[in-house]
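For reference, the structure is listed below as structure tokens.
Each reported figure results from applying straightforward, stated rules to the coordinates on display, with no laboratory input. Predicted, not measured: the structure shown is a model, and the values here were computed from it. Using ideal geometry, Cβ is built from the backbone for each residue, glycine included, and neighbour counts are taken over all protein chains shown.
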Amino acid sequence: MGLGMTNYNYVTGYETTVTDKDDVDDVFDFVSAPYGVILRAQGGNDCILGGGGNDQLYGGAGSDTLLGGLGNDLVDGGDDDDVITDGGASPIHTGNDTVYGGAGNDKIWYGNDLDASTIYGNSGNDILTGGLGNDVIYGDDGKDSTSGDGADSIRGGKGNDIIYGGGGNDTIRGSLGEGSDVVYGGDGDDVIGYDSDTSTVVLFGDAGNDQITGGLASDFLYGGSGQDTLVGGYGNDTLTGNDGNDVLIGGAGADRFVFGGGEGKDLIRDFSYAQGDRIALNGQAYTLSTSVAGYALLDLGGGNSIELQGVAAAQVNDRFFV
């Protein structure tokens, strides 16, 4: 069989194992196969279409296109830049798949999948898109872009990643200081935790009541709408609660608490002037009083206020502000 030829393999029978033995660009079409198929492709830029069973599809070397189809599939892109998809043009149950991008800059798209899948980007700068189910997504190595709807669990991995939680109550984690990530929690009550990350990260909670934790570097945390809890961690962090009644905890370091107007009734849990913490009101005037709990209360008007836990009203002076 000469190089440059294309093979079409149609399988409609029972459980089938196929091993590709050449490096040409093959098309393996198992769409009509009602039972599971095991395919191990070799070199070449192959197109592999799974069927209705629980398939195991291995792309091997080459820039392959793989579609798992129905069933609980295992899909492995292998080397080079692959495209892996559930193939659904509308929301559909395609099974609980396990997907490995492999080496290369891969595109994995499960955007209309209603089931829960597990997606591994592996090495390379990947684009990983989960579906409408509760997916687990690992960016692994490389500068990845990760997103998904549903109540997803997402880990950034190494590299400078961009992560979109989308709809649902997501859990988004950093990976031991590997990369300066930018995270958008999206809708839902998200938990975003970068506790052990040593690189600067930018974390947006977006909508919902979010819990956002920075790491060991100087991070930027934004709550968005909802009643959020922001914890800066170590480093000189910048915390912006935005709308809703937020709790802000700077942690260690000289932190900056930013308020732009209309934020609600916020609480700063650990303000320390001696440690270098400062408050940015961005031109807003305030009236100083004492809260019910006995702490300094900055009344910004319109029902908006900032309470400084552990700080007496008599301690507040102009040096608190920038």
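For the range 42-48, the Karplus equation 6.51 cos²θ - 1.76 cosθ + 1.60, evaluated at θ = phi - 60°, returns couplings of 10, x, x, 8, 8, 10, 10 Hz by residue, with Gly and Pro reported as x. Legend: ranking of residues D318, D152 from fewest to most surrounding C-beta atoms inside 10 Å; resulting order D318, D152. Only Cα pairs under 8 Å and 6+ residues apart enter the sum, and on that basis the relative contact order of the chain stands at 6 percent. Relative contact order of the range 9-150: 13 percent, from C-alpha pairs under 8 Å at least 6 residues apart in sequence. With the biggest extent put first, the Cα atoms of the range 207-322 measure 33, 32, 27 Å across the principal axes. Sorting 37-46, 24-33 by average packing, meaning the other beta carbons within 10 Å per residue, from highest down gives 37-46, 24-33.
Among the listed values (i) 17.8; (ii) 20.1; (iii) 15.0, the one matching mean projected area of the Cα convex hull in nm² as calculated from this structure is (i).
Neighbours of L267, meaning other residues whose beta-carbon lies under 13 angstrom from its beta-carbon, give a summed charge of -4 when Lys and Arg score +1 and Asp and Glu score -1. Charge tally around F257: other residues with Cβ under 11 Å, Lys/Arg +1 each, Asp/Glu -1 each, net -4. Charges were assigned to the Cβ only: +1 to each Lys and Arg, -1 to each Asp and Glu. The resulting dipole of the chain about its Cα centre is roughly 1140 debye. Across the options G142, G43, V99, the greatest Cα extent toward the positive end of the charge dipole of the chain (unit charges at beta carbon of Lys, Arg, Asp, Glu) belongs to G142.
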